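Since the structure comes first, as C-alpha cells, the remarks are kept for the end.
Derivation of every value follows stated rules applied to the coordinates shown; laboratory data play no part. What you are looking at is a predicted structure, and each value in this text was computed from that prediction instead of being measured. Glycine gets a Cβ as well: all are built from the backbone with ideal geometry, and neighbour counts include every protein chain shown.
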C-alpha cells in the first residue's frame, strides 16, 4: 500500500507527496484505513514507528471535508507537541490552509491568543496549557470532531489524568477518538473503555521489546570511573550521541565538563524555557552540537533522525523508560546502538528492565546451578556452633553455676524459709 492509494482528498495527496512521505510504516498501513472510515482507534506500537502521521493524515482529511469541524491533539510534553505540530505544518500546505495553534507552557500566551483568534481549527497542546485557555475562555472546544491522545501512557505516568478528564468535559460526545501509546498498561485500557466508542485495536510489534535494529550493550563500571569511560566512548564512536542522565543538575554538570574537555555538547531538561529547548534541539539537529545530554523529558517523542547512539549514563527511574530512551536511535528502520553503564547500585532496576524485555528472565535466573548462598549459610552455621561451644550464653552459665551450688551443699542442712533466688537485673 502507498499513500497515493488512500481514499483521501487530492490536496492532501499532493501535500504528502511534497513532504516526501512515500511508503507507510506498519502502524500507518494498519490504522489509516480504519481511521479514514471515521472509527475510533486504540493504537500501540514501539516508539519511532510513525504514529504521528497515522493520526495526522485522517485529521486533515476530516477537516477538509467538514469546514466547521475542529481537531484537538493532546501530548504529554512540549517537545512532543512541537514535533506533532511540525508534522501538521508539513501537510498543511497553503492550498489546504487550515488555521492552527500550538498551546504549550513556556511560550507567550499572547502569541497563542493571536493564533486562536485566527480561527484555529487544529489545536495541538499539553494538558496544562489547554486547561489554562479553557479557564480564560479563549479556547472553545464545542466543535471538536476529532480527538487524539498521543503517548497516553506517558501522560498518565506524569499525573495528567484529572486534567485530561477536565478537558474532555468540554468536548462534544459525538466525535472520533484516536488513542496512541507505546505501552498498554491497565489504566490505558480503562480510559479506552470510558472514552472510546467500539475502538478498533491496532498493534504493531512487541510493546516491551526494543527495536531489533538497535544494538544493545552494557558496561560494568564503578561510579568514580563513569565520566572517564563516557569520554572514551565519545572518542570511539562517530556521529551524534544522546546521553541520558537522572537529574537536571547532573545534565548541566556533565555538559560543563564535556565543554571543558573540548566536546560540542548541550543539555536539555525541564528547567529550560521553551525557546531555549527549541534552540538546543535545533542546534543538535543541525550538527552544531554533537552530544545532547538529557533527562527523561527527552525520552519520549524526541524525533531526531540523526541520533546514531544512545548512552544511558544513569538508568531510568521507571523500566518502561529504558525502551523509550533507546528508541531515540534506530528511527524509521535505521540501525542504531545503545550502551548502558551499570554500577552495583543499578542491579535491582536492571533486573526490572530485563524482566520487561524478557518475561522469562526470572525463570532463567532461578534455573542457575546451586547458588553459593547455601554454602555461605552453612559456613555461618558452623561458625555459630563453634562460637556457642566456646562461649556459653549467660543463661547456660547461670544454670551451670546453680547446679554446682546445689551439688556442693546438698548434704548440708538448709535453713528454714531459704530459697535459691535468681539475680534479677534492675
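Stokes-Einstein diffusion coefficient for segment 89-171 at 37 °C in a medium of 0.692 mPa s, Rh from the Kirkwood formula over Cα pairs: what value in µm²/s? D, rounded to a whole number, is 241 µm²/s. For a modelled paramagnetic label at residue 166, 7 Å from Cα along Cα-to-Cβ, the residues of segment 120-134 in reach, with backbone nitrogen under 15 Å, are 126-134. Taking packing as the residue-averaged number of other Cβ atoms within 10 angstrom, the listed peptides 287-295, 73-81 run from highest to lowest as 73-81, 287-295.
Remark: segment 253-346 is approximated by an ellipsoid whose semi-axes, taken from the C-alpha gyration tensor as √(5λ), come to 20, 17, 14 Å, largest first. Peptides 138-148, 51-61 ranked from most to least packed, by the mean per-residue count of other Cβ atoms within 10 Å: 51-61, 138-148. The gain in end-to-end length when the residue 253 to residue 187 segment is fully stretched comes to 20.1 nm, 0.36 nm per residue minus the alpha carbon separation. Extension gain for residue 93 to residue 347 (0.36 nm times residue separation, less C-alpha to C-alpha distance): 86.4 nm. By the gyration tensor of its Cα atoms, with a ≥ b ≥ c the square roots of the eigenvalues, what is the shape of segment 1-96: rounded for a/c under 1.5, prolate for a/b over b/c, or oblate? Judged from the Cα gyration tensor, segment 1-96 comes out rounded (a/c under 1.5). In this label model, residue 174 and residue 304 are separated by 4.6 nm, measuring between points 7 Å along each Cα→Cβ vector. Relative to the current alpha-carbon distance between residue 220 and residue 358, full extension at 0.36 nm per residue lengthens the span by 47.6 nm. Using the beta-carbon distance between residue 229 and residue 66 and R0 = 60 Å, what value does 1/(1 + (r/R0)^6) give for FRET efficiency, to the nearest 0.05? So the FRET efficiency works out to roughly 0.60.
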